[in-house]
Amino acid sequence: MWYSLVGRPSLLVLILLACSQITPNPQAPAAVTPAQNALVPLSTPRPHIEPTQLRISHAMITSSAGNYIAAEKGYFEEEGIQVEFVYSIGGTETMAFVVSGHTDIGAGLISAGLFNAFARNIPVKIVADHGANLPNASAGGMTFRKDLVDRGIIRQPGDLRGRKIAIATEGSAAHITLDRYLQAAGLTLSDVNVVVIPLPDTIAAFDNQAIEAAYWQEPFTTIAVERGLIIRGPIGFDIYPYQQIGGILFGPRMMADRPIGQRYMRAYVRGVRDYVKALQERDPVAFDEVVPILIKYTSVKDRALFEKAIPSGLKPDPIPNIQSLRDDQEWYLAHGYQTQRINIDDFVDTSFVEQAIRELGSYK
């Protein structure tokens, strides 16, 4: 899941960001021409629905596969929805777009920044899973400099004491997972030197021997392994099972118009299930069908990376893990990244995804 939500944005800053500038990305297609053959058929035909235009924030990441597949496979079209993907760098910009209504739907990293925004009573709710630490499907994981492992300098977690460990964002889900990894070895974050380095720049940091380890993300980890720079450690699931990493966000329009929200969610769930079959279950027919869609929409343009990388964890029945949200809030509060406790239930609405699952049937 290749995005970050940083800082502690104020609502005013969010709205000003949304109204002032749209970040263009010529590589990300805005117009969608759906294919006709769908991996997940609807159980019954649906009556004709007048087309509804929806704008979806995206950051060209594999965790958004559900939206991309639903667009290309015609699932949105079957629900009477015409989608426009609006590129966003993620984080505060994505939130700004959704808060202001510039986009109807977004995806947010579960982080202190998101919870601090919720504390300002923004009109946005988490409605579905957009990434989690799942078995054999956790894009994040511990990585170690290969030369140090080969020389026996790093052999176990305790050997990280005093060493530089990179993360992409403070006060994030990854930060919590790193802390849990260290705790298992009797260490705390204060026993190591945590440095913040953007995900793409971490390759150079390993190559220049500026860091000894990182809690890092695909596809960068696979690239670094192939370059002989790192050794993989445990993935996110092995450290913090079923942690909720990201969520689908509904803005004011979607929360106010239940039928539109439900139509979107049915299509989204179908798209996610196609991704699960293709990337997590490695069905060869589904893989051949889905990977070209991901190459079209995401920043990963090499099929071989999809073949080799650990996939992002998406749930075929994409109900967010609310207990994980509660547990992570306690960490953010205890470590000073979150300024005010929120009632998690006030900012999560699972009724859309639960209804979609009832209508489509639970995944096998």
### Message
Can you tell me which residue is surrounded by the fewest Cβ atoms within 10 Å (Cβ to Cβ) among those in segment 179-211 that are of a type in the set (Gly, Ala, Ser) and part of a loop (DSSP other than H, G, I, E, B)?
### Response
Gly186
### Query
Do we have any residue at all in segment 51-62 that's in a helix (DSSP H, G or I) and either of a type in the set (S, T, N, Q) or surrounded by 20 or more Cβ atoms within 10 Å (Cβ to Cβ) (or both)?
yes
### Query
Of the residues that sit in segment 118-150 and are aliphatic (A, V, I, L, M) and closer than 18 Å to Gly66 by Cβ, which one is nearest to the chain's Cα centre (by Cα)?
Ala132
### Query
Conditions: (1) in contact with a strand residue (DSSP E or B) (Cβ under 6 Å, 6 or more places away or on another chain); (2) more than 23 Å from Ser324 (Cβ to Cβ). Pro234 meets all but one. Number of the miss?
(2)
### Query
Considering only residues of segment 239-257 that are part of a helix (DSSP H, G or I) and touching a residue at least 24 places away in the same chain (Cβ under 8 Å), which is farthest from Ala107 (Cα to Cα)?
Ile239
### Query
If we scan segment 141-162, do we find a residue that is among the basic types (Lys, Arg), free of Cβ contacts under 8 Å to residues at least 60 places away in the same chain and not in a loop (DSSP other than H, G, I, E, B)?
no
### Task
For segment 66-117, name all the residues that are under 17 Å from the mean Cα position of the chain (by Cα) and part of a loop (DSSP other than H, G, I, E, B).
Ser88, Ile89, Gly90, Ile110
### Task
Considering only residues that are in contact with a strand residue (DSSP E or B) (Cβ under 7 Å, 6 or more places away or on another chain) and surrounded by fewer than 22 Cβ atoms within 10 Å (Cβ to Cβ), look in segment 120-153 and name the one that is nearest to Asp345 (Cα to Cα).
Lys125
### Message
For segment 287-305, give me the residue count where each residue is farther than 25 Å from Ile89 by Cα and buried (at least 20 other Cβ atoms within 10 Å of the Cβ).
### Response
1
### Query
Is there a residue in segment 320-337 that is β-branched (Val, Ile, Thr), modelled with pLDDT under 95 and more than 17 Å from Tyr268 (Cα to Cα)?
no
### Residue list for segment 212-224, filter: in a helix (DSSP H, G or I) and either over 27 Å from Lys315 (Cα atoms) or touching a residue at least 40 places away in the same chain (Cβ under 8 Å) (or both)
Thr221, Thr222, Ile223, Ala224
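The values are calculated or read from the model by the stated rules, or taken from the named source; none is laboratory data. As the structure is a prediction and not an experimental result, all values here were calculated from the model. Here the Cβ is made from the backbone with ideal geometry for all residues, glycine too, and neighbour counts use every protein chain on show.
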